[in-house]
Amino acid sequence: MRTFDLIRDAVLPDFRDRVAEYLIQYEAVLLAETAPDPELVSATANQLRGYLRGLNTTRVLGMADWEELDRRVVNTWL
């Protein structure tokens with residue numbers, strides 16, 4: 001399963017629509033068909049990690065989910 005699909009599934013149902021809106025911006029860079037600038041990919045991946053950390057802090061995302069998703073972002077884009 002793709003990382004962004006896992007994020008959507010891990011978020012509490014009440015927050016999925018709002019989170020999905022933000023994820024579109026990250027997906028546009030990280031899943032672009034043409035290879036974007038490596039620095040942009042790295043910066044975007046780090047921003048996504050921060051966003052996921054924030055979701056975990058506000059209890060929208062569980063700790064186990066956050067750890068796995070963070071690991072996937074690091075392994076895929078960093």
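With respect to the stated conditions, Arg8 fails to be of a type in the set (Lys, Arg), under 16 Å from Trp77 (Cα atoms), part of a helix (DSSP H, G or I) and under 11 Å from the mean Cα position of the chain (by Cα).
Conditions (1) at pLDDT 90 or above; (2) surrounded by 14 or more Cβ atoms within 10 Å (Cβ to Cβ); (3) assigned to a helix (DSSP H, G or I), marked per residue:
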position	(1), (2), (3)
Arg16	yes, yes, yes
Val29	yes, yes, yes
Thr34	no, no, no
Ser42	yes, no, yes
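Here's the yes/no breakdown for (1) surrounded by 16 or more Cβ atoms within 10 Å (Cβ to Cβ); (2) at pLDDT below 95; (3) farther than 11 Å from Thr3 by Cβ:
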position: Ala45; (1), (2), (3): yes, no, no
position: Leu48; (1), (2), (3): yes, no, no
position: Thr57; (1), (2), (3): no, yes, yes
position: Met63; (1), (2), (3): no, yes, yes
position: Trp66; (1), (2), (3): yes, yes, yes
position: Val73; (1), (2), (3): yes, no, no
position: Leu78; (1), (2), (3): no, yes, yes
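Conditions tested, residue by residue: (1) of a type in the set (Gly, Ala, Ser); (2) in contact with a Phe, Trp or Tyr (Cβ under 8 Å, 6 or more places away or on another chain).
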residue: Arg8; (1), (2): no, no
residue: Ala43; (1), (2): yes, no
residue: Gln47; (1), (2): no, yes
residue: Ala64; (1), (2): yes, no
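The values are calculated or read from the model by the stated rules, or taken from the named source; none is laboratory data. All values reported here derive from a predicted model rather than from experimental measurement. For neighbour counting, all protein chains shown are included, and Cβ atoms are generated from backbone atoms with ideal geometry for every residue, glycine included.
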